[in-house]
Amino acid sequence: MSIPLTAGATLHPLVLPARADAGPTPLIQAYAEARNASIRETTGREDDALTAEALMPLLRSSPERTRRQWYAEHDGEVVGCSAINLLTDDDGATAIATIALAKRLWGRGIGAAVYRELEADARGAGAEKILHWAEHHDEEGTSLLPSPTGFGAVPLDHAARFLRRQHYVLEQVVRVSALIWDEQTPGALTRLREEAAAHADEYRIVQWTLPTPAEHVDGYAWLKSRMSTDTPDAELGQPEEVWDAERVARHDDRYAQMSHTVLVTAAQHVATGVLCAFNELSIGPDEASVTHQEDTLVAAPHRGHRLGMLVKTAGLLTWREHHPQSSRVVTYNAEENRPMLSINEAIGFAPIAYEGAWKKVLT
C-alpha cells in the first residue's frame with residue numbers, strides 16, 4: 001500500500017520477514033541506513049546508530065509494545081522512516097512516535113504529512129496521547145523554550161518549530177551527557193566508590209551480565225518496574241510498567257538478538273537480600289564504540305545511603321576492565337533529576353546535547 005504525501009514522496013508500511021530469526025531484507029537495510037543518516041544529520045553523532053541486524057529486534061511487536069513502522073520514498077529512494085509504538089501497560093492509551101527524514105527534503109511538507117498519517121494510525125488504535133522525543137540544537141537567532149517543569153530549556157530550532165506546528169507541547173527537558181575516559185578517571189572513580197561504600201555498610205554490590213541469573217530475576221523485575229514510577233515524568237503521563245520473570249526474559253533476549261552486552265550492577269541489602277538500586281551499561285559488538293549508561297535507580301526506601309554513586313562507580317570500574325576500547329559513555333537524565341545529575345557531574349559527565357520530551361493529547 002502506497003500513501004501519497006507531498007513533493008512527490010510516498011509512505012509505505014515496512015513489511016518484516018515472517019520468521020523472527022530471519023535476517024534483514026534489502027528494504028530493512030535501506031530503512032536502517034535512512035534512520036542512521038538522519039541521526040548523523042540531526043545530532044552530529046552516531047551514538048544511537050544501529051546496524052540493520054541490531055535494529056531488527058526493535059521492529060517487532062512484543063507483549064509490552066505494539067510496533068508499526070513505515071518508510072518514506074522519494075524518486076525511488078528510501079529517504080525517511082517513522083514508527084508508532086503503542087504501550088500495552090495502559091492498554092494502548094499511550095503511543096510513542098518517531099520520525100526521521102533526510103535533511104535535504106525538509107521544508108517541503110513531507111514530515112507534516114507523515115505525522116498526519118502516524119496520528120491517524122494512533123487514533124485508530126485507540127491512543128489518547130502521543131509522546132515524542134527530539135534532540136534540539138542552537139540555531140542563529142533562535143530563542144529558548146523553557147521546560148514547564150522549571151528545569152532547563154530547548155532552543156526553538158527546526159525540530160521544535162515543527163513539533164509546535166503539529167500541536168505538540170514541550171513537557172520536559174532531558175540532558176544528554178558524556179564521560180570521556182582519561183588517565184585520571186579510574187582513580188577518581190575508585191575514590192568516589194570508596195567514599196560511597198563508607199555510607200552503605202548495610203549493602204553489598206552484586207553484578208551480572210545479561211541474561212539475568214535466576215536468583216536476581218524477581219529483584220531486577222521489581223527495580224525495572226520502579227523506573228516507570230520513581231523517576232521524573234513531568235506531565236508526560238507514561239504508564240506504570242508491570243514486570244515479571246517473563247518480561248525480564250524478553251528484555252534480556254532482545255539485547256542478545258541485538259548482539260549487545262549489558263552489565264547490571266546492583267546494591268543488595270545484606271540483611272534481607274533485597275536488591276535496592278541498580279545501574280546498566282551496554283555496548284554493541286564493536287568494542288571501540290560508545291557505551292550507553294541506561295537505567296539507574298535507587299528504590300525510594302533505600303535513598304540517602306549514596307547507593308546511586310556506589311552502583312554507578314562500581315559498574316564503570318568493572319566495565320573498564322572488560323571494555324577498555326570504549327572511550328565514551330553517554331547517558332540521559334531529566335533536567336529536574338538533580339540527584340542523578342549531581343552524581344554524574346561528580347563522576348565527570350558533561351552535557352553534550354539536550355532533548356525535548358513532547359506530548360500531544362488526542363481529543
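The values are calculated or read from the model by the stated rules, or taken from the named source; none is laboratory data. These figures come from a predicted structure and were not determined experimentally. Positions of Cβ are backbone-derived with ideal geometry, glycine not excepted, and every protein chain shown enters the neighbour counts.
When the residues of the range 298-313 are narrowed to those that are among the hydrophobic types (A, V, I, L, M, F, W, C) and surrounded by fewer than 24 Cβ atoms within 10 Å (Cβ to Cβ), which ends up nearest to the chain's Cα centre (by Cα)? Before the answer, list the steps.
Here is the first cut: in the range 298-313, the residues among the hydrophobic types (A, V, I, L, M, F, W, C) are 298-300, 307, 309-311.
Filter once more, so that each one left must be surrounded by fewer than 24 Cβ atoms within 10 Å (Cβ to Cβ): 299-300.
Numbers: Ala299: 21, Ala300: 23 Å.
Going through the qualifying residues, I end up with Ala299.
In summary, Gln69 fulfils each of the numbered conditions (1) surrounded by fewer than 17 Cβ atoms within 10 Å (Cβ to Cβ); (2) outside any helix (DSSP H, G or I) with the single exception of condition (1). When the range 100-130 is limited to residues that are surrounded by fewer than 20 Cβ atoms within 10 Å (Cβ to Cβ) and of a type in the set (A, V, I, L, M, F, W, C), the one that is farthest from Tyr71 (Cα to Cα) turns out to be Ala125.
A single entry from Met227, Met258 fulfils the requirement of being over 24 Å from Asp91 (Cβ atoms) and under 17 Å from the mean Cα position of the chain (by Cα): Met258.
Against the definition (in a helix (DSSP H, G or I) and over 23 Å from Thr43 (Cβ atoms)), how does Glu117 come out, yes or no? Here the answer is yes, as Glu117 does meet what is asked. Inspection of the range 250-258 finds no residue satisfying the criterion of being modelled with pLDDT of 95 or more, part of a loop (DSSP other than H, G, I, E, B) and touching a His at 6+ places or on another chain (Cβ under 9 Å).
For the range 86-104: of the residues being part of a helix (DSSP H, G or I) and over 23 Å from Glu355 (Cβ atoms), which is farthest from the chain's Cα centre (by Cα)?
Of the residues in the range 86-104, the ones part of a helix (DSSP H, G or I) are 88-90, 103-104.
Subsequent filtering for residues that are over 23 Å from Glu355 (Cβ atoms) retains 88, 104.
Numbers: Thr88: 18, Arg104: 26 Å.
Filtering first and then ranking leaves Arg104.
For the range 1-30, how many residues are in a strand (DSSP E or B) and either among the β-branched types (Val, Ile, Thr) or over 25 Å from Ala120 (Cβ atoms) (or both)?
2
For the range 54-64, enumerate the residues that are part of a helix (DSSP H, G or I) and either surrounded by fewer than 17 Cβ atoms within 10 Å (Cβ to Cβ) or without any contact (Cβ under 8 Å) to a residue 12 or more places away in the chain (or both). So that I can check it myself, show each step before the final result.
Filtering the range 54-64 for residues part of a helix (DSSP H, G or I) gives 54-58.
Across the range 54-64, the qualifying residue is only Leu58.
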